[in-house]
Each structure stands twice: as structure tokens, then as C-alpha cells.
Amino acid sequence: MNTLLMKEAYSMLYEIENHLRLIIKANMLKKFGHQWVSILYEKRDEQTSYYHELIAFFGKYPNVLPHINAAQLKMLNQLIPIRNKIAHSHLITQSEYELLEQCYQLVIEEPIIKAERL
């Protein structure tokens, strides 16, 4: 993997994490109001949460965060070791880059606010 693709990988990862943060914040605020941080978080809010903590929200609160289904959540979980490589400036493989691209498309195409599941 060349450095240009690693730069793109870092950019995609950054956008994925920030889009997930926006989705979580907007939907939790809509559902629980301004007190949602103290109700749901023990140590961190969505701005300081790690990637694995962000994606865990979608499994924990599927009715409030219906953006990601179980199969998609599994794919996002597969991104964790790749995310760590990128964050620590380790080269990733072509197949890891392709998974990152798939996750990027999945997350970026999701609207910030989506109707809750009943």
C-alpha cells in the first residue's frame, strides 16, 4: 500500500468516525434530550469515544439508531484492527483498504436522522 492510499485511508477513517459521532449525538439528543450524556455514558461522550465504542452504540440502541443492521455492524467491527493500523501509521493491505472503502460507503450514505424502529 503506497503512502497516497494510506493518506486516503486515514481520511476515510476520519470521516467514518465523525459521521458516526454525528448520527449518535443527533439521534440520542432527539430521543433523550440534553441529559442523554449523563444517562448513557459512564466515562466518555460521543466526542471522546473510541471507534469500537461508537459502533457498539448501534448494537446497544437499535431502536434509536436504526442506521446500521446486524450484518453491517459485523462489517464495521471487522474494521477495528484496520482502524488501529491506520491510526498508528502501519501499512494496510489492499483487501483491508477495500473493506475500509465498503465501510466508508455504508456509513457516509446514512442520513444523520433516521426514523426509529418500532
* What's the extension gain from Lys7 to His88 if we count 0.36 nm per residue and subtract their Cα-Cα distance? -> 27.9 nm
* Asked: What lysines sit close enough to Lys30 to cross-link, taking a C-alpha to C-alpha distance under 27 Å and skipping anything fewer than 8 places away on the same chain?
  -> Lys43, Lys60, Lys74, Lys114
* To do: Rounded to the nearest 10 degrees, what's the angle between the helix 3-32 long axis and the longest principal axis of the chain, both from Cα atoms, 0 to 90?
  => 0
* Asked: Can you list the lysines whose alpha carbon is less than 17 Å from that of Lys85, not counting same-chain residues fewer than 8 positions off?
  -> Lys7
* Tell me what the chain gives for mean residue ellipticity at 222 nm when only DSSP H runs of n ≥ 4 count, each as -39,500 (n - 2.57), the sum divided by the residue total, rounded to 500 deg cm²/dmol. => -20500 deg cm²/dmol
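Quick note: the coordinates plus some simple rules give every number you see, no bench work behind them. Keep in mind that this is a model prediction, so the values were computed, not measured.
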